[in-house]
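Since the structure comes first, as structure tokens, the remarks are kept for the end.
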Amino acid sequence: MNFPELPEGRVLPVVTAPATVLSTVGEEVDPTSPEVAQLAADLIATMQVSPGCVGLAAPQVGVGLQVFCVNVVDHPKAATVHGTFALCNAKIIEASRWKAGREGCMSVPDLTGDVKRAARVVVEAVLPGSGEAVTITTDAFEARALQHEIDHCTGKLFLDRVAGAHAIYQRKVYL
Amino acid sequence: MPELAITVIGPDRTGIVADVAEALAEVGANLTDSTMTRLRGHFAMTLICTLAEPSAAEAALKSLTGVTTTVREVSPSSVDESGESWVVSVHGADRLGIVAAVTRVVAASKGNITDLSTRLAGTLYVLIAEVDLPAGAGDELAERLAVAASELGVEVTLRRADSEIL
Ligand SMILES: [Zn+2]
């Protein structure tokens, strides 16, 4: 898949919970607007400078819009990989093969949790910049990342999906 | 055989679980259900064991240094396993009374909390509770929780717990 070229991204500060924007349903965007292309570029730039970050959604930089980026290249749990890309107005069309897995979030820096996600998804979205409609079929860790980011765009955190009372953990600090 | 409810609390250290288990094993106490966790660095263990001579457990645990222990005899009780399993997530800015308000709402819907954990991470307060609810009571509880959550200024989610049997 070819992703359109975006402007140069700027690194933005990341918002952490509790913050209203993280729990607010994001608005749909016009993917062809220059502001949205810039936002997508900024999200990618911020993700790229953040160690271990495999995805970032607009609410995490304080913007209540349905835009996010992912990049699971070289991740040991990834199978299908589409590279580094940003999507707007994404929706999950199909989800299957549900599996539990532990995930964290830059906006909840001190905790991780076990969350059941589909290991195979079909996502429909539009690309920032071109506005081209795309359908992405993926699996494994890229599928998990997409579901986590789409959740952000609808005001949900992984904390809203953890499996049970013993499924949240203090994040280990690796030095 | 008498059933004992035991709690052990103290500063966490390597080997503390082994010390507790060993002290109980030496007097013939048979561990049945137990749970152990760390709460802000404190070791906290709660367990049920069976033992012919309950006073022996108390004496055995006295040998552990640096921990507070309680031992009491309890009558065996059966648990009502009927109803539906749900999970409640609450998160938001820390403030007084979140747990009290949320669990009161759950109780008002005849929900029985079977497992609960809360974490304070920075200013973020997180509560996850597993709740047994009477069949069909989920929608009403969800509505009540939404009201309570907006009063508290926190986010709440209620969803069915997974229970696939493989
Ligand atoms: Zn996240």
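The values are calculated or read from the model by the stated rules, or taken from the named source; none is laboratory data. Quick caveat, the model's predicted, so the values are computed rather than measured. Please note: Cβ atoms are built from the backbone with ideal geometry, for glycine as well, and neighbour counts cover all protein chains shown. All accessible areas refer to the heavy atoms of the entire protein, side chains included, with ligands and DNA or RNA removed. Shrake-Rupley method; radii C 1.70, N 1.55, O 1.52, S 1.80 Å.
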Once both label points are put 7 Å beyond Cα along the C-beta direction, the residue A:49-residue B:44 separation in nm becomes 4.0 nm
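Using helices alone, I'd like the mean residue ellipticity at 222 nm for chain A: each DSSP H run of four-plus residues gives -39500 (n - 2.57), total over residue count, nearest 500.
So the helix-based figure for chain A works out to -5500 deg cm²/dmol.
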At q = 0.10, 0.11, 0.12, 0.16 1/Å the base-10 log of I(q)/I(0) from the Debye formula over the alpha-carbon atoms of the protein assembly as shown is -0.71, -0.83, -0.94, -1.33
Share of accessible surface on carbon and sulfur in the protein assembly as shown, whole %, 1.4 Å probe and ligands ignored, is 52 percent
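Beyond 22 Å, what share of the Cα-Cα pairs of the stretch B:84-160 is found? Please give it as a whole percent.
Summing the P(r) of the stretch B:84-160 above 22 Å gives 14 percent of all pairs.
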With only helices counted (DSSP H, runs n ≥ 4, each -39500 (n - 2.57)), the per-residue ellipticity at 222 nm for chain B, to the nearest 500, works out to -8500 deg cm²/dmol
Per residue convex hull volume, Cα only, chain B, in Å³ is 154 Å³
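Chain A: longest stretch without exposed trypsin sites (Lys or Arg not before Pro) (DSSP loop, at most 16 other Cβ within 10 Å), sites themselves excluded?
Values: sites that count: A:10, A:77, A:171, A:172.
With a cap of 16 other Cβ atoms within 10 Å, the longest stretch comes to A:78-170.
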To the nearest Å², the heavy-atom accessible area per residue of the stretch B:84-160 with 1.4 Å probe amounts to 46 Å²
Rounded to whole angstroms and listed largest first, the alpha-carbon spread of the stretch A:20-170 along its three principal axes comes to 44, 31, 26
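In nm, what is the difference between 0.36 nm times the number of residues separating residue A:171 and residue A:80 and their Cα-Cα distance? Working shown, then result.
On the way: separation 91, 0.36 × 91 = 32.76 nm, distance 2.72 nm.
Residue separation times 0.36 nm, minus the Cα-Cα distance, leaves 30.0 nm.
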Inter-part gap, Cα centre of the stretch A:32-61 to Cα centre of the stretch B:90-123, in whole angstrom, is 34 Å
Expected vector for the stretch B:145-151, Karplus 3J(HN,Hα) from phi with 6.51, -1.76, 1.60 and θ = phi - 60°, integer Hz, x for Gly and Pro, equals 5, 4, 5, 4, 5, 5, 5
Cα extents of the stretch B:3-74 per principal axis, largest first, Å, are 35, 21, 16
With R₀ set to 22 angstrom, the calculated FRET efficiency between the beta-carbons of residue B:108 and residue B:77, to the nearest 0.05, is 0.40
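Other chains near B:116-125: what is the mean number of their Cβ atoms within 10 Å of each residue's Cβ?
Numbers: counts 2, 6, 2, 6, 1, 9, 7, 3, 11, 2.
Partner Cβ neighbours, averaged per residue: 5.
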Result for interface chain B to chain A, accessible surface buried in total, 1.4 Å probe, Å² to 100, stands at 1700 Å²
Test assert for the stretch A:130-163: residues whose accessible surface shrinks by at least 20 Å² between chain alone and all chains, 1.4 Å probe, equal A:159, A:160, A:162, A:163
For the pair residue B:26 and residue A:124, the simple spin-label estimate (label points 7 Å beyond Cα toward Cβ) gives in nm 6.9 nm
Simple SL model, points at 7 angstrom along Cα→Cβ for residue B:7 and residue B:151; separation in nm is 2.8 nm
